[in-house]
Structure formats: structure tokens, C-alpha cells
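Below is one structure; the comments refer to it alone.
Coordinate-derived values only; no laboratory data. No experiment lies behind these values; they were computed from the predicted model shown. Note that each Cβ is placed from the backbone with ideal geometry, even for glycine, and that neighbours are counted across all protein chains shown.
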Amino acid sequence: MNDNNLKADMLQAMRRLAKSVTIISTSNGTERFAMAATAVDSLSTEPPSLLICVNKTASPHAALEAGADFCVNILGLEQQDLAHLCSGAIKGEARFGRGNWLTSAEGIPYLGDAQSAILCRQDGQFSYGTHTVFIGRILQIHTSATITPLVYLDGHYTTTAAPAPSLAAAG
Ligand SMILES: Cc1cc2nc3c(=O)[nH]c(=O)nc-3n(C[C@H](O)[C@H](O)[C@H](O)COP(=O)(O)O)c2cc1C
């Protein structure tokens, strides 16, 4: 199988991988950056850490590559408009025109009403192909009471908070 076929097959496979939608936010000290991202995962609880994968062409990349700390803001269903704003619809500081954006004591921009805002000190980076993987050592977390995540699946936004039917009920 050639690389083009593999790439197409991978994209088809990824359509089946449901991911919560986040906005990665960061600052270089003078400018703020925000980018919708699903390539985000927990890394370890010892120490509490996570990882993000950022395209080298994306606007926050230079600040992150220079070592900026960042926040992973897990979005709620009602924040679909923010995901849209932060995935290319508008650029730069204008992305902060909507949403309850705050700044942490460390100077990291975060979304005050995210499902969860996970503030991280950058603790490593690894270049791979078109992307860089950044490791975040978790500093502080703000979490909302409800769980209504915005989910990206099969190329569109959806949500899920309902448990799967029990095996017993399914017979
Ligand atoms: C649902 C969704 C998930 C995305 N996930 C990622 C991601 O994990 N990493 C990434 O680099 N770009 C991701 N993107 C693309 C960036 O949001 C988008 O390319 C970027 O904001 C545009 O670049 P700019 O910031 O330079 O305008 C995603 C876009 C969408 C709509």
C-alpha cells in the first residue's frame, strides 16, 4: 500500500475516533494565541501531565516552540462557535473577542467557563513530521459542575454525556 492510500485510510479511521474538542491557548508575553485542537491526551497522573500535538504552520506554534506555557480548555456543547472561531475563521487576538477569557497568575490565557481549563507549564517538546508534541506539566485546573462536552466525530460536532445502554438491558 502506498503512502497516499495509507493517508486516506488513516483519515477514514480517525473519523471513527471520537474526540473531545479543546482550545489550546498560550501567550508569548505580548500576543495571545488560541487554536482548536483534538490531538490532546492525558500523559500521566504521576506527575499530572498531558500532551498536545500542534501543526508547525499553526499560529501558536512559534510561541510554544519558544517554551510558552499553555492551557487546554475542554469545550462544552454550547461553545461550538468558539471552536469555529479558533480553527481558522478569524486570526490572532480577534479569536479572544468571544468567550469568558481570563489570565492566570502565570500569564496563561484560559477560558473561565470551559468544561475544564487545564493550566500547564511546558515540560518538553518533540518534533515529528509536520507537528510538534508538547508536554504540559499540570499546574492548576478549573472544572465546571456539568459534563456536556463538545465532541468531534465523523467530521462534525456532536455531544455525548449519556451512558451506553447496559449489557443486561441489551439482552
Ligand atoms: C475539530 C478540530 C480539531 C483540530 N485539532 C487540531 C490539532 O489537534 N492540532 C493542530 O495543530 N490543529 C488542529 N486543528 C486545526 C487548527 O485548529 C487550525 O488549523 C488552526 O487554528 C489554523 O491555523 P492558525 O491558527 O494559524 O490560523 C483542528 C481543527 C478542528 C476544527
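Once fully extended, how much extra length lies between Leu6 and Thr45, figured as 0.36 nm per residue of separation less the alpha-carbon to alpha-carbon distance?
10.7 nm
With a ≥ b ≥ c the root eigenvalues of the C-alpha gyration tensor of segment 71-120, is it rounded (a/c under 1.5), prolate (a/b larger than b/c) or oblate?
It is oblate, given that a/c is not under 1.5 and a/b is not larger than b/c.
How fast does the chain diffuse by Stokes-Einstein, in µm²/s, taking the Kirkwood radius from C-alpha pairs at 10 °C and 1.306 mPa s?
Calculated translational D: 94 µm²/s.
Please check: in the Gaussian network model of the chain (C-alpha springs, under 10 Å), which one of Asp113, Asp123, Asp81 has the largest mean-square fluctuation.
Of Asp113, Asp123, Asp81, the most mobile in the Gaussian network model is Asp81.
Which of Ala114, Ala58, Ala161 ends up with the largest GNM mean-square fluctuation for the chain, with Cα atoms connected below 10 Å?
For the chain, modelled as a Gaussian network with Cα springs under 10 Å, the answer is Ala161.
Hey, what did segment 20-153 get for relative contact order, percent, Cα under 8 Å, at least 6 apart?
31 percent.
Build a GNM of the chain with springs between Cα atoms under 10 Å: which of Ile147, Ile52, Ile23 gets the top mean-square fluctuation?
Ile147
Would you give the gap between the C-alpha center of segment 26-59 and the C-alpha center of segment 72-110, rounded to a whole Å?
Using only Cα atoms to place each centre, the spacing works out to 13 Å.
Would you calculate the separation in nanometres between label points at Leu102 and Met14, each defined as 7 Å from the Cα along the Cα-to-beta-carbon direction?
3.3
Under 11 Å from the 7 Å Cα→Cβ point of Leu139, by amide nitrogen: which residues of segment 5-37?
27
What is the magnitude of the charge dipole of segment 20-153 about its Cα centre, with +1 placed on the Cβ of each Lys and Arg, -1 on the Cβ of each Asp and Glu, and no other charges, expressed in debye to the nearest 20?
So the dipole magnitude of segment 20-153 works out to roughly 220 debye.
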